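Only one structure is covered here, and it is reproduced in the block below.
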Amino acid sequence: MKLPIIMLASLLFAIMAYAWVQGPEVFSPALKNSGSQLLRFAPIMVIAVLLSGFAEAVIPKQFIETWLSDASGWRGIFIAWIAGIVTPVAGVFGMPLAASLYKAGAGLAVIMTFLTSLATLSLVKMPIEVGFYGWRLTMVRFGVSLILPLIAGGLTQMFLASSQIK
């Protein structure tokens, strides 16, 4: 986790320095916009991380072993596929949840399916897409993407079976 923080902080400082060099007419609005975005999104991120931590604690270990482990096979992949589609707040909650489930024993193929489904099929994003693209393009994109999480999970499962990586 340290490397991503260092990389993001370096990028931030580089962009801030560039904005500073451009003068107060660039730096001041950038600082104001950043502060307002921080105030708007920080509570969501804090709640999402806390929610995923509690989800990890309350989801029974037996459920994860039976339904979401590597041993669950296609059953776990299908559960993850559906879960990615219906997860609220999409990636904000989904990514910490995936990390928590993985730490609790969910299989790599299940996690891969969930994350791919979350990224490509999340119903939460659909109204936004309709606003940008319209119904036709949104439905075509959604329909074409339906199989992608299953392919990702299946390929992960095949790769793990052939390579014995755990």
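Looking only at residues that are in a helix (DSSP H, G or I) and β-branched (Val, Ile, Thr) in the range 56-68, which one is surrounded by the most Cβ atoms within 10 Å (Cβ to Cβ)?
In this case the residue turns out to be ILE64.
Within the bounds of the range 25-41, is there any residue that is closer than 30 Å to GLY153 by Cα, of a type outside the set (Phe, Trp, Tyr) and in a helix (DSSP H, G or I)?
Scanning the range 25-41 turns up no residue that is closer than 30 Å to GLY153 by Cα, of a type outside the set (Phe, Trp, Tyr) and in a helix (DSSP H, G or I).
Tell me, yes or no, whether the range 120-137 has at least one residue that is within 26 Å of SER162 (Cα to Cα), surrounded by 14 or more Cβ atoms within 10 Å (Cβ to Cβ) and in contact with a Phe, Trp or Tyr (Cβ under 7 Å, 6 or more places away or on another chain).
no
Out of all the residues in the range 2-46, which are charged (D, E, K, R) and touching a residue at least 24 places away in the same chain (Cβ under 8 Å)?
Result: no residue meets the conditions.
Looking only at residues that are hydrophobic (A, V, I, L, M, F, W, C) and farther than 17 Å from ALA161 by Cβ in the range 69-85, which one is surrounded by the fewest Cβ atoms within 10 Å (Cβ to Cβ)?
Here the residue is ILE82.
Can you name the residue in the range 14-24 that is in a helix (DSSP H, G or I) and loosely packed, with under 11 Cβ neighbours inside 10 Å and is also nearest to the chain's Cα centre (by Cα) among such residues?
Ranking the qualifying residues of the range 14-24, first place goes to ALA14.
Quick check: is even one residue across the range 149-159 aromatic (Phe, Trp, Tyr), modelled with pLDDT of 90 or more and surrounded by fewer than 16 Cβ atoms within 10 Å (Cβ to Cβ)?
Restricting attention to the range 149-159, the residues satisfying the condition of being aromatic (Phe, Trp, Tyr) are 159.
Cutting the leftovers down to modelled with pLDDT of 90 or more gives us 159.
Subsequent filtering for residues that are surrounded by fewer than 16 Cβ atoms within 10 Å (Cβ to Cβ) retains 159.
So far as the range 149-159 goes, yes, one or more of its residues are aromatic (Phe, Trp, Tyr), modelled with pLDDT of 90 or more and surrounded by fewer than 16 Cβ atoms within 10 Å (Cβ to Cβ).
One residue is enough: does the range 47-55 have a residue meeting the conditions within 25 Å of ALA152 (Cα to Cα), out of contact with any Pro (no Cβ under 8 Å at 6 or more places or on another chain), surrounded by 17 or more Cβ atoms within 10 Å (Cβ to Cβ) and touching a residue at least 40 places away in the same chain (Cβ under 8 Å)?
No: zero hits.
For the range 59-75, check the following and say yes or no: at least one residue is of a type in the set (Gly, Ala, Ser) and under 18 Å from the mean Cα position of the chain (by Cα).
Taking every residue of the range 59-75 in turn, none turns out to be of a type in the set (Gly, Ala, Ser) and under 18 Å from the mean Cα position of the chain (by Cα).
Would a scan of the range 96-109 turn up a residue that is in a helix (DSSP H, G or I) and at pLDDT 95 or above?
yes
Quick one: which of SER145, SER117, SER100 is over 21 Å from ARG75 (Cβ atoms), without any contact (Cβ under 8 Å) to a residue 60 or more places away in the chain and among the polar types (S, T, N, Q)?
Among SER145, SER117, SER100, only SER145 is over 21 Å from ARG75 (Cβ atoms), without any contact (Cβ under 8 Å) to a residue 60 or more places away in the chain and among the polar types (S, T, N, Q).
Yes or no: the range 36-52 includes at least one residue that is modelled with pLDDT of 90 or more and within 20 Å of ALA119 (Cβ to Cβ).
No, that holds for no residue.
Looking at this structure, is VAL124 in contact with a Ser or Thr (Cβ under 8 Å, 6 or more places away or on another chain) and within 16 Å of TRP67 (Cα to Cα)?
In short, no.
The values are calculated or read from the model by the stated rules, or taken from the named source; none is laboratory data. None of these values were measured; they are calculated from a predicted model. Glycine gets a Cβ as well: all are built from the backbone with ideal geometry, and neighbour counts include every protein chain shown.
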